[in-house]
Every structure is written in C-alpha cells, then in structure tokens.
Amino acid sequence: MDGSVLALLSVLGALAIGAISPGPSFVLVARTSIAVSRRAGLAAAVGMGIGGVAFATLALLGLHAALTQVGWLYLALKIAGGLYLVHLAVRIWRGAAEPIRVPDGTAEADGVLRSFGIGLATQISNPKTAIVYASIFAALLPASPPGWVLLALPPSVFLVEAGWYAIVAVAFSAGRPRAAYLRSKTWIDRLAASVIGALGVRLVMDAATPS
C-alpha cells in the first residue's frame, strides 16, 4: 500500500477512535435525537462534521505551533470553550422539567437549524480537540504530504465525524430510546447537563491551574 494512503487511513482511524470516545458531543447528539427529532440529531451531526473540518484545516495551517507559542491565546480559548459548555448545561438543566412539545413545520425547521448551530458550537468549543487534531496530523502525516492528501483530508474528516454522529442520531431517535427518554426526561436531561457542565468546569479549571 502506498505510504501516503496508509498515512491518510491512519489519521482517519485515529480521529474515528477519538470521535467514538464519549464526550459532550456524543451527549448532545444523543439528547437532541431523542428529545427533538431524528432530523435535528442529524443536523447536529452535520455541525459536528463541519467543526471537525475546521479543526483539520487549522491543524494543516499550523494551529498547534501558534497555540504553543502564544500561551495566553490557548488559555483564552479554553476558558471561552468551558464557559460555553457551562452555559449549554444550564440551559439544558433549566428545561429539564418542561414537557416535550410537538413542533409544527416551521418550528421543526427552526429546531433543525438551532441543532446544527449548537452542534457546531459544541464541537469547536474545546480547544483541546484542536490540539489532538494537530498532534495526530504531526505524528502520522509525512513531512511533505502530496497535494491529493491535503485535499482529501477535510472531506474525509467530515465523513468520519458526521458519519459517527449520524449513527448516534439514528440509534437514539429510534422508538425504544425515545420512549425511555420521555418516561424519565427530567433526570436524563439533568444527567446530560451535569456531564456537559462538568466538562466545561474542567476546561476552565485547567486554564486557571498553572502548568
């Protein structure tokens, strides 16, 4: 197998493992799929995919070097990302006791767009993910990859990220998970809010703790 092909597959495999690992993105897509609709969950998955493309592009442009040389920028991004996750957790917690409303066509379209935006914002809210992308690229890509690899990476990253979260959206929007959610909405929402909020607080605390 050509070395460049092997490098590309290695990068995508490493990113797939990272995407599958549970985190705020997984929690958000799963909750959106069962609380809103499958379409909203898929929209959030697309947002995750575009966020992954943004990280891939920044990694190719040398984001890792920029963040390590400008320490305050990395800290600022960690604090901003952490505060966003805390804000999202508070919103979910406050709405935990509210009943599910069946949306009309316009409201559902708004919900899909909102889910896409929240998915994208959640994906890019963690600068550590950007460092992971940059580290994987630096470790697995050749020093001077051919042009076709550079062109293939962003759409391939989108397929990995959006593809995984689309699977999550379809799985959690099925009848049984949705019925289970409706029976225990308040506690499930509060658990999701706690997980997302804890990750946000951890980001902020990491930024505040001297290394």
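The values are calculated or read from the model by the stated rules, or taken from the named source; none is laboratory data. Please read these numbers as outputs of a predicted model, since none were measured by experiment. Cβ sites come from the backbone with ideal geometry, for glycine too, and all protein chains shown count toward neighbours.
Quick test for you: out of 156, 135, pick the one residue that is farther than 27 Å from residue 116 by Cβ and among the polar types (S, T, N, Q). Even if it seems obvious, please write down each step before you answer.
Details: 156 fails: farther than 27 Å from residue 116 by Cβ.
Just one listed residue meets the conditions, 135.
The residue of segment 89-107 that is modelled with the lowest pLDDT, among those that are outside any loop (DSSP other than H, G, I, E, B) and surrounded by 15 or more Cβ atoms within 10 Å (Cβ to Cβ), is 92.
Results for (1) assigned to a loop (DSSP other than H, G, I, E, B); (2) aromatic (Phe, Trp, Tyr); (3) touching a Leu at 6+ places or on another chain (Cβ under 8 Å); (4) closer than 19 Å to residue 23 by Cβ, shown as yes or no for each residue.
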{"site": "119", "(1), (2), (3), (4)": "no, no, yes, yes"}
{"site": "123", "(1), (2), (3), (4)": "no, no, no, yes"}
{"site": "132", "(1), (2), (3), (4)": "no, no, no, yes"}
{"site": "135", "(1), (2), (3), (4)": "no, no, no, yes"}
{"site": "150", "(1), (2), (3), (4)": "no, no, yes, no"}
{"site": "164", "(1), (2), (3), (4)": "no, yes, no, yes"}
{"site": "168", "(1), (2), (3), (4)": "no, no, no, yes"}
{"site": "178", "(1), (2), (3), (4)": "no, no, no, no"}
{"site": "205", "(1), (2), (3), (4)": "no, no, no, yes"}
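Restricting the first member to segment 173-192 and to residues that are more than 16 Å from residue 37 (Cα to Cα), and the second to residues that are at pLDDT 80 or above and of a type in the set (Val, Ile, Thr), the beta-carbon pairs closer than 8 Å and six or more apart or on different chains are 192/27. Here residue 59 meets the list (1) modelled with pLDDT under 80; (2) surrounded by 19 or more Cβ atoms within 10 Å (Cβ to Cβ); (3) within 19 Å of residue 84 (Cβ to Cβ) almost entirely, failing just condition (3).
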